[in-house]
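Shown next, in structure tokens, is the structure this report addresses.
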Amino acid sequence: MRARLETLLSGVLFGLLAAGLVLLLIAEPRGSPVTLRPPPTPEPLRIHVSGAVATPGVYLMPLGSIVKDALAAAGGALPEASLERINLAARLQDGQQIHVPPQPTLAPSPGPGTVEPAASSAGLLSLNAATAAQLETLPGIGPVLAQNIVTYREAHGPFARLEDLLRVPGIGPSKLAQIEPYLTLP
């Protein structure tokens with residue numbers, strides 16, 4: 001009798017399992033399917049290339065580009081470009097300006113009775129002797145900032161340190177870092 005009971009229970013259990021499997025297979029799926037969309041295409045970087053390049057202007061560069069790529073987009077550097085003053089491997093950021101300075105030129109030695117020019121023998125511009133027009137030749141310095149520098153110098157006397165430029169209205173740390181390689185104090 002016990003064997004018969006075990007057979008009966010096994011049959012019922014097997015039947016329940018088979019019925020559950022059939023119901024699982026014929027049941028409609030629940031929920032909605034998930035659709036994966038590709039990530040959006042990143043916007044290109046807008047880069048302003050100026051200075052000693054073949055075609056200065058604003059260029060659209062792909063994300064991940066470096067300064068060397070932007071120079072190539074601008075037709076390459078001119079022979080008089082001073083590429084050692086910029087980092088060609090730096091990553092580009094949207095809205096960035098890359099200024100390629102020319103090689104410094106040696107000023108001719110002044111003759112007797114002439115005034116010392118604002119440019120030193122190293123090709124640097126003397127902050128304490130430069131005119132507003134000469135200051136405008138610096139990257140990122142326009143007529144207003146050049147005049148602000150001259151006005152400040154006339155009101156407060158000669159600059160003791162290049163960092164004193166931070167006191168001039170319109171000049172912040174990034175602007176100072178941009179023009180500092182081109183300036184000297186004597």
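We did not get these values from a lab; they are worked out from the coordinates using the rules stated. Being a predicted model, the structure only gives us computed values, none of them experimental. Every residue, glycine among them, receives a Cβ derived from its backbone with ideal geometry; neighbour counts consider all protein chains shown.
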* Asked: By what distance, in whole Å, do the Cα atoms of region 125-184 stretch along each of the three principal axes, largest value first?
  -> 24, 21, 20
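Of all the C-alpha pairs in region 10-52, what % are more than 11 Å from each other? It would help to have the intermediate numbers written out before the result.
Numbers: 725 of 903 pairs.
Considering region 10-52, 80 percent of its Cα-Cα pairs are separated by more than 11 Å.
Only Lys, Arg, Asp and Glu count, each charged at its Cβ (+1, +1, -1, -1), so figure out the dipole size of the chain about its Cα centre, rounded to 20 debye.
Values: 12 positive and 13 negative charges, 186 e Å.
With Lys and Arg at +1 and Asp and Glu at -1, about 900 debye.
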* Structure fact -> Summing -39500 (n - 2.57) over every DSSP H run of at least 4 in the chain, dividing by its residue total and rounding to the nearest 500, the 222 nm mean residue ellipticity is -9500 deg cm²/dmol
* To do: Compute the separation of the alpha-carbon centres of region 128-169 and region 27-49 and state it in Å as a whole number.
  => 51 Å
* Structure fact -> Using the Kirkwood radius over Cα pairs of the chain, the Stokes-Einstein translational diffusion coefficient at 37 °C and 0.692 mPa s, in µm²/s and rounded to a whole number, is 148 µm²/s
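Can you put HIS48, HIS99 in order, fewest other beta carbons within 10 Å first?
Working: HIS48 15, HIS99 18.
Sorted ascending by nearby Cβ count, the order is HIS48, HIS99.
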* How big is the antiparallel share of DSSP beta bridges in the chain, given as a percent to the nearest 5? -> 60 percent
